[in-house]
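To keep things clear, I will list the structure first and then write my remarks on it.
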Amino acid sequence: MSVWGFVQLCFSTVIFLGAATAAKQWALAPGLGKIVLTLFLYSLGNLVMLRLIREFGMSVSFSLSAVIQLVAVNVVALMFFSERVNTLQATGIVLAVAAVALISLGPYLQGR
């Protein structure tokens with residue numbers, strides 16, 4: 001992945017984190033402005049993802065984005081919203097990260 005692709009991936013992650021935070025805020029206290037902001041941020045994040053898909057392909061772009069968002073959203077939920085996950089849920093998160101890592105890195109590790 002190029003430096004520019006990595007920057008775009010980080011940018012989309014920040015946008016999706018903002019969208020997830022806005023969605024949580026809307027869930028806590030619904031309001032029109034919050035839902036409009038949430039929809040705008042998710043739409044903007046997806047527009048960035050379209051550029052990544054064009055440059056790196058769908059499987060790599062969505063796999064990397066999914067694992068980065070999975071980790072980042074859980075960090076935000078646990079640290080800023082004081083949410084908790086039980087041992088089984090934490091195991092599922094770790095396995096999901098491992099699964100996406102294998103999917104994303106598999107072809108490179110096999111020399112393809």
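The values are calculated or read from the model by the stated rules, or taken from the named source; none is laboratory data. Here the structure is a predicted model, which is why all the values come from computation and not from measurement. Cβ sites come from the backbone with ideal geometry, for glycine too, and all protein chains shown count toward neighbours.
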Exercise. Before we move on, is Phe40 among the aromatic types (Phe, Trp, Tyr), modelled with pLDDT under 90 and in a helix (DSSP H, G or I)?
Worked result: no
Problem set entry | Matching residues in region 72-86 - criterion: being part of a helix (DSSP H, G or I) and of a type in the set (Gly, Ala, Ser) | Ala72, Ala77
Exercise. Which condition does Thr38 not pass, out of (1) crowded, with 17+ Cβ neighbours inside 10 Å; (2) hydroxyl-bearing (Ser, Thr, Tyr); (3) closer than 28 Å to Tyr108 by Cα, if it passes all the others?
Worked result: (3)
Problem set entry | Hits in region 48-61 - residues which are surrounded by fewer than 17 Cβ atoms within 10 Å (Cβ to Cβ), assigned to a helix (DSSP H, G or I), at pLDDT below 90 and not hydrophobic (A, V, I, L, M, F, W, C) | Glu55, Ser59
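Take the conditions over 18 Å from the mean Cα position of the chain (by Cα) and on the phi < 0 side of the Ramachandran plot and apply them to Ile35. Does it pass?
Taking the combined requirement at face value, the residue satisfies it.
Residue-wise test of (1) part of a helix (DSSP H, G or I); (2) surrounded by 12 or more Cβ atoms within 10 Å (Cβ to Cβ); (3) in contact with a strand residue (DSSP E or B) (Cβ under 9 Å, 6 or more places away or on another chain); (4) at pLDDT 90 or above.
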| site | (1), (2), (3), (4) |
| --- | --- |
| Asn46 | yes, yes, no, yes |
| Ser63 | yes, yes, no, no |
| Leu70 | yes, yes, no, no |
| Leu88 | yes, no, no, yes |
| Leu102 | yes, no, no, no |
